[in-house]
Amino acid sequence: MSENQNPNTSQDVTTSTGTAGHPERFSDPGVPEHRPRLTDTDPKANKRSERIIVLLFALSCLGAIASLVAYFTVRPDGTTDQTRLSTLLLGVTMAISLLGIGIAAIHWAKALMSDHEHVDERHELRSTPEVREVAVKHLTDGVEDSGIGRRGVLKGAAVSALALFPLTFAVPLISSVGGDWNISKFRHTIWTSGKRLAYDPTGRPIKAADLTVGSVAHVIPEESEEYMASHEWITEKAKAVVLLVRLNPEDIRSDQSPEGETWSYDGIVAYSKICTHVGCPVALYEQQTHHLLCPCHQSTFDMADGAKVVFGPANRPLPQLPIAVDDEGYLVAQDDFAEPVGPSYWERLK
Amino acid sequence: MSTETASNTGAPTTPVGKAADYLDQRTSIGVAVKEFARKVFPDHWSFMLGEMALFSFVVLLLSGVFLTMFFDPSMALVEYHGAGPETMQGQLMSTAFASTLDLSFDVRGGLLMRQIHHWAALVFMASIVVHMMRVFFTGAFRKPREINWLVGTVLLILGLLAGFSGYSLPDDVLSGNGLRITDGVIKSIPVIGSYMSYMVFGGEFPGEHIIPRLFTIHILLVPALILALIGLHLFLMVLHKHTQYPGGGRTDKNVVGYPLFPVYVAKMGGNFFIVFGILALMGATMSINNVWNYGPYDPSPVGAGAQPDWYMLFLEGSLRLMPGAGTEWVIFGYTLSLNVLIPAVVIPGLLFTFLFAYPFIEAKVTGDKREHHVLDRPRNVPVRTGLGVAFLTAFIILALAGSNDLIATHFAMSLNQITWAFRILFFVGPVFAFWVTKRICLSLQRKDRELVLHGHETGRIVRFANGEYIEVHRPLDEQERWLRVNYDAHRPLEIEPATDARGVKRRGYKSDKRWQKLSRFFYEDRVEPVTPAELAAAHSHGEHDEIAPAAHTSEVTSGTDTVDRER
Ligand code: HEM
Ligand code: FES
């Protein structure tokens, strides 16, 4: 490393002489001349900078102390406001103690430390031919030593052992990491014939008569309280949620009932709430248009027309839950969905 | 023997000297200090961007360790009765969510740490991206730094993974829906998608394994990988020595700057505290991810206007823009969901492939095997700069499309219109951005030529004896000039002819020809730097010496001819 004293250590990079005696390229003027800072020439400015730096460090100390004060004086009492206040005070005082140090150090480096530029040489990264030669020699010697070239069987045995040992780790891992690996579960939900439709999240069963035209209900299957406090429930609910609307029967242009069956009941249609795009719960229903919008990527389904996709990245209609009414007037499922709910997957139609 | 050695070098007398001696006799640390203490580093504000990424990562480590003391990554269901807000009392939730509430309301400074951690994650990703832009636009990825560019790109991907896995930990409604979208995307992968979904969730979504699994990924796997790669990244940086911006006395054979100790030690140390301080300030004053407002994960509700963290928006936008109709194919009874696969797998795949491949493609079309340590001014490599801006444009359009519902409500426009506008923009925007950027670069280069040839306008008008008015131009000083003439305007590759001297068809000609085509795309339009001869010619032009505006010399050369293509 050499300190650059002479600003005009220009290297002539001219390689050949161009037209009419002019060099082909300009030459490097060298590192610009060092310009002294105010703190270099004026002792007063120098002293002032030093004082500022000292003050900044002192401010940092105060910040740290203030943080302790904030800790002891503002105790959270469980309210959001008090928690916010405590967060604010602890954070701001912490920031002061940190920024004090940071700004002081930077100012110190910029105003007081030498700002003379230095020049270091670079060396090409490639190693010299001699070094390479020795390196290659070492490796060939090593290979020679091990005899791997001559001992074919040994090589094969070593390679096989290395290839096989990861199985001892991978097989147990893979066997368990996917649970039971039974992907046919995608196909079924807990809806069964006769299961009542209930309001989400209360679990109260829904009477058909309670629904006026235009009303919307978020629906789950009726289940016991214990079941609804289990993990299994959350996973099943993730497939079983349904959105139900009561339309004017004349407004329904189509639904998904096959020939000879009726999946709707008196203008009430129930469709899976799991978007056929990538599976968000579809939740935004617009009365006038009968459009159901998925908030995730705005796929839009027409509830009056078999939940067909009218816009967005989804490709398939939401599957319909076939419903009927039981003796007591409650809405019940006729059966499970006829097709898997939610996003498509490779084996969906298999 | 040891006393002899000590006396040879003069036995240390001070405590520091003794300690140093002790250490050196056991570690030869003297060698390292000699090598590194006064190592020269070039200075520029943009070199701080990588540092910012590093320091926010350190803040992530510190605040993350605080969080791990109290966060409980369990999906066991509990009925909440704790310090959290009224609305959460009595709710059924996972222990992970409950412990996030306690971490926020019960642990002193816990909310602050959560918020610092989250802001640090956002700043971490932002500084990685901007750092990457700096490296790209200045050509710092060129030989010998291609490998470090790859390391950096892997770090970017790991950062995305870290952010995503952390975001999902509190097990709230929002992040749960994010996971659900991820599940949908995984399922769209042909052949193995369903099994991969089972692998990730340990069964069906959401199951009871995902949070503990993400926790291990988030606090062990990914940070360890990031740490190791940061180590490699910095090791290579020191090995290569830092690049420097062009300027007087800076060449590919030297490095001009300030010594590590004390200047950079102070500056970097200072920067760390400033980054930490700003993140603390953000954590103190800007609330983020108030999970108690969303509630614990429940597969049924979802709010409109929910946004993922910014670095995930491009994926969200990509999913939103893809039209669904006709893009789900059934082949031999198997379902191929192109409507998910293309936006969520193919498009990000292409974006990252571009990032991984670019340095090698540019080296190939430039036919350049030299080491580069002096950075390019972005204008001097118009096509690279254009491609970078095009890439960013695509990224930004996707990210904006990820907020199309907010844009729609904010500007009272219909979602359909906005989505269609973005669909078109996604294809047109980057091309347009490329074209505009390239033009701007070329005209900046021309302006540089103009300046070098004719100097600064001074605004001073003089009148000649013959009545002619002329503005006085002040010539550039040699530093100013050097900055503007010291670059290579690369030319398209020249390739060997299709047949050799004996008329035999040459193998590899076709591929050479393709590379040449690409090379033409890069370097056909170019502005050559002013040569001394041109400057002299401009000066002797007319009697006005250096004050007259000289006639244009040919500026833009192209291929073999000298047609001025740019106007
Ligand atoms: C590598 C970069 C990292 C990124 C980008 C990142 C990002 C995130 C994000 C976005 C969250 C959600 C925070 C919230 O609740 O709002 C989070 C949570 C968390 N992170 Fe990190 N993190 C990183 C590293 C770490 C490390 C190194 C640790 C621990 C050693 C850690 C521990 C945690 C814990 C325990 C949580 C859950 C706590 C909670 O949500 O309240 N993180 N992380
Ligand atoms: S999940 Fe419904 S539109 Fe994407």
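The values are calculated or read from the model by the stated rules, or taken from the named source; none is laboratory data. Source: prediction; values computed, not measured. Neighbour counts run over all protein chains shown; Cβ positions are idealised from the backbone, glycine included. For the accessible areas, the whole protein counts, side chains as well, though only heavy atoms, and no ligand, DNA or RNA atoms are used. Shrake-Rupley method; radii C 1.70, N 1.55, O 1.52, S 1.80 Å.
One table, with the values for the structure above:
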item: Qualifying residue in region A:182-193 (condition: more than 8 Å from chain B (Cβ to nearest Cβ) and assigned to a helix (DSSP H, G or I)); result: yes
item: Residue pairs meeting the criteria (Cβ under 6 Å; at least 6 apart or on separate chains; first more than 14 Å from chain A (Cβ to nearest Cβ), in region B:116-127; second more than 7 Å from ligand 1 (Cβ to nearest atom) and open to solvent by 20 Å² or more (accessible area, probe 1.4 Å)); result: B:S127/B:L49; B:S127/B:M52
item: Looking only at region B:329-347, and only at residues there that are at the interface with chain A (Cβ under 7 Å from one of its Cβ atoms) and open to solvent by less than 30 Å² (accessible area, probe 1.4 Å), the one that is farthest from B:F427 (Cα to Cα); result: B:G333
item: Any chance A:V242 is away from ligand 1 (no atom under 16 Å from the Cβ) and at the interface with chain B (Cβ under 8 Å from one of its Cβ atoms); result: no
item: Residue that is open to solvent by 30 Å² or more (accessible area, probe 1.4 Å) and either at pLDDT 95 or above or charged (D, E, K, R) (or both), where the choices are B:V130, B:V135; result: B:V130
item: Residue list for region A:101-127, filter: within 7 Å of chain B (Cβ to nearest Cβ) and assigned to a helix (DSSP H, G or I); result: A:I101, A:G102, A:I103, A:A105, A:I106, A:W108, A:A109
item: Enumeration of residues in region B:358-375 that are at pLDDT below 95 and of a type in the set (G, A, S); result: B:G367
item: Given (1) exposed (fewer than 15 other Cβ atoms within 10 Å of the Cβ); (2) without any contact (Cβ under 8 Å) to a residue 40 or more places away in the chain; (3) within 16 Å of ligand 1 (Cβ to nearest atom); (4) of a type outside the set (K, R), index of the condition B:T68 fails; result: (2)
item: Which numbered condition A:A20 fails, given (1) at pLDDT below 90; (2) more than 8 Å from chain B (Cβ to nearest Cβ); result: (2)
item: Entirely in region A:264-325, the strands (runs of 3 or more DSSP E) that have 3 or more residues that are assigned by TED's automatic domain parsing to the domain that holds A:S215 and either buried (at least 20 other Cβ atoms within 10 Å of the Cβ) or near ligand 2 (Cβ under 10 Å from one of its atoms) (or both); result: A:268-272
item: Which numbered condition A:L98 fails, given (1) at the interface with another protein chain (Cβ under 10 Å from one of its Cβ atoms); (2) touching a helix residue (DSSP H, G or I) at 6+ places or on another chain (Cβ under 9 Å); (3) loosely packed, with under 14 Cβ neighbours inside 10 Å; result: (3)
item: Search result, residues across region B:450-500 that are on the phi > 0 side of the Ramachandran plot and not in a loop (DSSP other than H, G, I, E, B); result: B:G459
item: Failed item in (1) within 14 Å of ligand 1 (Cβ to nearest atom); (2) at pLDDT below 95; (3) buried (at least 22 other Cβ atoms within 10 Å of the Cβ); (4) not small (G, A, S), with B:I116 passing the rest; result: (2)
item: Residues of region A:202-227 satisfying the condition of being buried (at least 18 other Cβ atoms within 10 Å of the Cβ) and in a helix (DSSP H, G or I); result: A:A208
item: Candidates B:G90, B:G82, B:G110, filtered to the one that is more than 30 Å from B:L351 (Cβ to Cβ), more than 12 Å from ligand 1 (Cβ to nearest atom), at the interface with chain A (Cβ under 10 Å from one of its Cβ atoms) and open to solvent by less than 40 Å² (accessible area, probe 1.4 Å); result: B:G82
item: Any pair with Cβ under 6 angstrom, 6 or more apart, that starts in region A:72-91 at a residue that is closer than 13 Å to B:S104 by Cα and ends at one that is among the aromatic types (F, W, Y); result: A:T83/B:F105
item: Set B:Y245, B:Y294, B:Y258: member being modelled with pLDDT of 95 or more and aromatic (F, W, Y); result: B:Y245
item: Which numbered condition B:F47 misses (of (1) in a helix (DSSP H, G or I); (2) within 11 Å of another protein chain (Cβ to nearest Cβ); (3) under 31 Å from the mean Cα position of the chain (by Cα)); result: (2)
item: Any hit, region B:151-167, residues being assigned to a loop (DSSP other than H, G, I, E, B), touching a residue at least 60 places away in the same chain (Cβ under 8 Å) and either open to solvent by less than 20 Å² (accessible area, probe 1.4 Å) or within 16 Å of ligand 2 (Cβ to nearest atom) (or both); result: no
item: Residue in region B:211-223 that is farthest from the other protein chains (Cβ to nearest Cβ), counting only those that are within 9 Å of ligand 1 (Cβ to nearest atom) and open to solvent by 50 Å² or more (accessible area, probe 1.4 Å); result: B:I219
item: Members of region B:364-387 that are closer than 18 Å to B:P492 by Cα, outside any loop (DSSP other than H, G, I, E, B) and under 20 Å from the mean Cα position of the chain (by Cα); result: B:R379, B:P382, B:V383, B:R384, B:T385, B:G386, B:L387
item: Identity of the residue in region A:198-213, closer than 25 Å to A:Q288 by Cβ and in contact with a strand residue (DSSP E or B) (Cβ under 7 Å, 6 or more places away or on another chain), that ends up nearest to the other protein chains (Cβ to nearest Cβ); result: A:D200
item: Residue in region A:327-341 that is within 14 Å of another protein chain (Cβ to nearest Cβ), more than 30 Å from the chain's Cα centre (by Cα) and either of a type in the set (D, E, K, R) or closer than 30 Å to B:L341 by Cα (or both) present; result: yes
item: Qualifying residue in region A:234-254 (condition: more than 17 Å from A:T300 (Cα to Cα), at pLDDT 95 or above, acidic (D, E) and away from ligand 2 (no atom under 16 Å from the Cβ)); result: yes
item: Among residues of region B:312-328, those that are surrounded by fewer than 19 Cβ atoms within 10 Å (Cβ to Cβ) and either hydroxyl-bearing (S, T, Y) or touching a residue at least 12 places away in the same chain (Cβ under 8 Å) (or both), counted; result: 2
item: Helices (runs of 4 or more DSSP H) wholly inside region B:192-297 containing at least 3 residues that are closer than 30 Å to B:L336 by Cα; result: B:193-201, B:210-216
item: Residue count, region A:228-252 (criterion: over 26 Å from A:C294 (Cβ atoms) and surrounded by fewer than 12 Cβ atoms within 10 Å (Cβ to Cβ)); result: 1
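For every residue, the table says whether it meets (1) open to solvent by 40 Å² or more (accessible area, probe 1.4 Å); (2) at pLDDT 50 or above.
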position: B:S511; (1), (2): yes, yes
position: B:S519; (1), (2): no, yes
position: B:E524; (1), (2): yes, yes
position: B:P532; (1), (2): no, yes
position: B:A536; (1), (2): no, yes
position: B:H544; (1), (2): yes, no
position: B:A548; (1), (2): no, no
position: B:D561; (1), (2): yes, no
